[in-house]
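I have placed the structure first, in the form of structure tokens, so that the comments after it can refer back to it.
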Amino acid sequence: MAEIALNQMKAIPREPTAWDRLKANRNWLAIWFMLPAAVFLILFLAYPLGLGVWLSFTDARIGRSGIFIGLENYEWLWGDSTFWLSVFNTLLYTIVASTIKFAVGLYLALLLNERLPFKAIIRALVLVPFIVPTVLSAIAFWWLFDPQFSIISWSFRKMDLINSNINFLGDIWNARWSVIFANIWRGVPFVAITLLAGLQTVSPSLYEAATIDGATPWQRFRHITYPLLTPIIAVVMTFSVLFTFTDFQLIWVMTRGGPVNATHLMATLSYQRAILGGQLGEGAAISTAMIPFLLFAILVSWFGLQRRKWQQGGDND
Amino acid sequence: MTDALAAKAADPKAVLTGSQRFADDSEGMSYLNSLPRRLVTLYLPLSIILFILLFPFYWMALTSIKPDNQLLDLDTYSPFWTWNPTFKHIYKLLFETQYPIWLWNTMLVAVCATAISIVASVLAAYAIVRLRYKGAQWVGGAIFLAYLVPPSILFIPLSTVVFQYGLFDTPFALIFTYPTILIPFSTWLLMGYFKTIPFELEECALIDGASRWQILVRIVLPLAVPGLISAFIFCFTLCWNEFIYALTFISSTQYKTVPVAIVTALVDGDIYRWGSLMAGAMIGSLPLVILYAFFVEHYVSAMTGAIKE
């Protein structure tokens, strides 16, 4: 009995062992907490990203690891008119679609910010195109843009606007505008709903004060809404530009880059060359060529965010 | 001419006095807008946009239940409605193709990848926000950058990586690669949620002798349930939506996911394919739409939460 009591007394002021100290060490603990995420991101994101750049300097094909050939892939692409066409298409697609997405999205957000009956339901409906998998809605557009049985052509014909069916996806410029339209359709809800969240944080008293001072609706928008919304616009548009620039699904389902490569984006061209054509090195070079554009978009967003902090007088933490 | 101008000039005032009767039950500055004005500036554009946004889905649903002869004959029957709905296309899709298997594949991949990602992101987000180890801020920034790396520039090297690891043409190729899209997003989202949980709660628990693991499981996670639901739904949707990895890494028909299978296996030369194609697209989007209908608020907060930070 006494022995046990003695033992217990001895046990209480136990020296923390190395293991105990390690358990309490937050850096050591953090390693364990970060491990699962780090394993995935390193094995399947960081490593392939580096590997992609490396592949672009090799002549790798499917089933054969390539040897280093320096800039040969890039030199070949430099003289490849299809590649330049895809760059042109990508820029056109990104610039036109993002601009319209921003304009329509902001307009829709402003509309939804008004007092409306059934607002919650309307907002939920607006977001549906964003929920439905892109490929599935792209198939619906494919059917809507059918050269023979398009309901759009039919309706316009009934309204006597056109005489013959529109060849939506078979004509070079028609195809471009059609895929851009589908992309806008898909992207507007995202822009609108996120901007709406930003709009809801703007205090109504600012508008009331401006109205009393005689501001027109345009002035209220230009000098109150827009400046207060700038930071969120910067982020939303970065995402929008980024995902439009690297779009693959819509194009692949609707046109596969055709007619005569008129809708090939850099992403679809790299898939065609690398996976279907088997030229991994060349495809990787096209992918790598997209990185500078993406970095540019990220930098723009970054400085957009910095500006907000500077405007609000906050420190850069 | 002058009359018209005068009427125009007088109009705003007339509108103003006309609407003052309603001024009492309106809020803010809404009394400035009369009903006709709202009709033109608000309801009309809103309904046009809503019509364009929703029409493809109506068309999708209508096509999937129209009989074949009405699908291709727009002039005899009104194309905007059908009085003889048929379930032939849906029946054909479910019982004569491998569609149920593709649905199951998509579900399996989405659930597994989402579960892996949420576990990994909860741990990572907690460590970044609350353990605040050396360099935690840098890791947070790196994770945001990882979010910005699009799948379209990764799929070529990833396909060789997947081949090296021996995962090519198995569901694991997708289950292990989708988390690279999901982890950055959900970590970023959960970081925001964890920051809102009062630090004092954790201090109390630490003083009471709880380990970090106990704090995470018993205190932080129960408080972060809305964030977890948001992250789960958004990840699930992203998985369901993913196309390029599934297209590149899977070649056997029995392992394909719905989006890939519809484009590669269901599209054939048949002129009457539209009915079953649209049925496939509709049934493929239903699970997400149903999920979305129940969790709209979580969905919106996931979308805006990931951007706010």
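Listing for the model above:
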read-out	value
Reciprocal of mean inverse Cα separation for segment B:168-213 (Kirkwood radius, Å)	13.5 Å
Span-rule helices in chain B, defined as complete DSSP H runs reaching 20 Å or more along the axis (Cα) with Kyte mean at least 1.0	B:44-65, B:99-126, B:171-195, B:225-241, B:274-294
Per-residue mean of C-beta atoms belonging to partner chains within 10 Å, peptide B:257-265	3
Cross-link pairs A:158/B:88; B:66/B:92; B:134/B:195 - those with Cα-Cα distance over 21 Å	A:158/B:88
Furthest towards positive pole of dipole, A:174, A:265, A:94, structure part segment A:78-312, Cβ charges	A:94
Rounded FRET efficiency, nearest 0.05, which uses the C-beta distance separating residue B:294 from residue B:43 and R0 of 25 Å	0.30
Whole-angstrom gap from segment B:244-296 to segment B:114-134, using each part's C-alpha centre	33 Å
Value of D in µm² per second that Stokes-Einstein yields for chain B, Kirkwood Rh from Cα pairs, at 10 °C (1.306 mPa s)	66 µm²/s
Coordinate range along principal axes, alpha carbons of chain A, Å, largest first	107, 71, 41
Residues with amide H under 5 Å from that of residue A:116, placed H, sequence gap 5 or more	none
For A:43-54, mean number of other protein chain Cβ atoms within 10 Å	6
Space enclosed by the convex hull of the alpha-carbon atoms of the protein assembly as shown, per residue, Å³	244 Å³
Given charges at Cβ of Lys, Arg, Asp, Glu: segment B:93-308 dipole, positive-most of B:248, B:170, B:181	B:181
For residues of A:57-68, the mean tally of beta carbons on other chains within 10 Å	1
Residue range of chain B that is longest and free of chymotrypsin sites (Phe, Trp or Tyr not before Pro) which are both DSSP loop and sparsely packed (at most 10 other C-beta within 10 Å)	B:84-309
Test item: Cα-centred dipole of the protein assembly as shown, Lys/Arg +1 and Asp/Glu -1 on Cβ, debye	640 debye
Pairwise Cα inverse-distance average, inverted: Kirkwood Rh of segment A:145-271 (Å)	17.8 Å
Modelled FRET efficiency - R0 51 Å, residue A:17 with residue B:108, Cβ distances, 0.05 increments	0.70
For segment B:118-264, alpha-carbon Rg over 2.2 N^0.38 Å	1.24
Simple spin-label estimate for residue B:88 and residue A:215 in nanometres, 7 Å along Cα-Cβ	6.1 nm
Linear extension gain, residue B:264 paired with residue B:115, 0.36 nm per residue minus alpha-carbon span	50.8 nm
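Any read-out appearing in this document is the output of simple, stated calculations on the displayed coordinates, not a laboratory observation. Keep in mind the model is a prediction, meaning the values are calculated, not measured. Please note: Cβ atoms are built from the backbone with ideal geometry, for glycine as well, and neighbour counts cover all protein chains shown.
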